[in-house]
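The structure appears right after this line, and notes come after that.
The values are calculated or read from the model by the stated rules, or taken from the named source; none is laboratory data. What you see is a predicted model; the values in this text were computed from it and never measured. Neighbour counts are summed over all protein chains in view; Cβ atoms, including those assigned to glycine, are modelled from backbone coordinates with ideal geometry. Surface areas here come from the heavy atoms of the whole protein model, side chains and all, with no ligands, DNA or RNA. Shrake-Rupley method; radii C 1.70, N 1.55, O 1.52, S 1.80 Å.
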Amino acid sequence: MSTHTSKLDRSRLYEAGFVVGKYLLLTFFLLIIVPPFMYVLSVSLRTPAEIYQITLIPETITFQNYIDVFDEFSGPLLDSLFIASGTALLSMAITIPSAYAIGRKQFPGRQAAFYVIILALLFPHILLIIPISDIWNGIGLYNTIPGLWLAYQPFVTPFSLWILRDFFENLPKNLEEAAQVYGCTEFSAFIRVILPLSAPAVVAVGFLAFLAGWNDFLFANFLTTGTGPEPATVELFKNVGGELKFWETLMAQALVIGIPPAVLYMIGRKYLAKAFAVN
């Protein structure tokens, strides 16, 4: 009895230690993330006269910086929205049918094809910038939004395929057959049964692809010249590199750029949790 009680107490002690360690780790990360964010927010709400004051709460709070950002920065924000949305839609159009075929169909070379695609994740994508720039310039896709949609696919599609393939593979094997018994064709069974059940994974890959198109700077900078699309990250970089730095405006721009991914995450976080729990 005492031995059993001792083991039970030890188990409870380990569990309590794990919980305490988890919260200590979360507190550590919050202390790293929250103070810089609060200071950026504070600077974005200041007047130019208060920029260099070492205070967290400004004496005079103004929203004029955000008004200026939406007046002057709306073009780059819209361009980034088109780029990110197109990247997400194209990625889903490519990966949903291919992941379904690899995950639920049997054909020669199925596993080999999957692993060859996944190996692309190990390739340093920075090496693609020069050949993509040269090819895009030759076929008229350089300095265009569709050119950016396609340029992001080599590093967005393999990861999306990985998530969706595992999700499709883990669904019950007889779903399509059961749907066909009730009059569905194979395609309608996929649309009406498999796809709704796979909503968490589809939302996850759409969100991650959107995030790649929205946040990317390297490809957006090398594949545009400023005379065509103007991604928000590139415009922010140009403003930071200027001789005159209006820090209050720069901080407002940085926060505004972060709003769409944060909003999408809040909307789709339940789906994201389900998708990665399966994988």
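For the reader, a short list of remarks on this structure follows.
- Extreme residue, modelled with the lowest pLDDT, among residues of the stretch 106-145 that are open to solvent by 60 Å² or more (accessible area, probe 1.4 Å) and under 24 Å from SER80 (Cβ atoms): ILE126
Every residue, every condition in (1) crowded, with 17+ Cβ neighbours inside 10 Å; (2) acidic (Asp, Glu); (3) part of a loop (DSSP other than H, G, I, E, B), yes or no:
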| site | (1), (2), (3) |
| --- | --- |
| PRO196 | no, no, no |
| GLY206 | yes, no, no |
| TRP214 | yes, no, no |
| GLY226 | no, no, yes |
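- Pick from the stretch 264-277, criterion surrounded by fewer than 14 Cβ atoms within 10 Å (Cβ to Cβ) and modelled with pLDDT of 80 or more, ranking: nearest to the chain's Cα centre (by Cα): TYR265
- The residues in the stretch 67-91 that are open to solvent by less than 40 Å² (accessible area, probe 1.4 Å) and not small (Gly, Ala, Ser) can be counted, and the count is 7.
- Where a residue in the stretch 211-230 is more than 10 Å from TYR142 (Cα to Cα) and its partner, wherever it lies, is surrounded by 23 or more Cβ atoms within 10 Å (Cβ to Cβ) and of a type outside the set (A, V, I, L, M, F, W, C), with Cβ under 6 Å and at least six apart: ALA212/TYR152; GLY213/THR87; GLY213/TYR152; TRP214/SER80; ALA220/PRO231
- Yes/no for PHE167 being of a type outside the set (Gly, Ala, Ser), part of a helix (DSSP H, G or I) and buried (at least 20 other Cβ atoms within 10 Å of the Cβ): yes
- Answer from LEU77, LEU31, LEU24, LEU81 - the residue that is out of contact with any Pro (no Cβ under 8 Å at 6 or more places or on another chain) and within 24 Å of TRP214 (Cα to Cα): LEU77
- On inspection, ILE51 qualifies as open to solvent by less than 30 Å² (accessible area, probe 1.4 Å) and modelled with pLDDT under 85.
- Flag for ILE102 being of a type in the set (Val, Ile, Thr) and within 27 Å of SER80 (Cα to Cα): no
- Residue that is least open to solvent (accessible area, probe 1.4 Å), among those in the stretch 228-263 that are among the hydrophobic types (A, V, I, L, M, F, W, C) and within 30 Å of PRO97 (Cα to Cα): ALA262
- Test: TYR152 is surrounded by 18 or more Cβ atoms within 10 Å (Cβ to Cβ), farther than 21 Å from LYS105 by Cα, at pLDDT 85 or above and touching a Gly at 6+ places or on another chain (Cβ under 8 Å): yes
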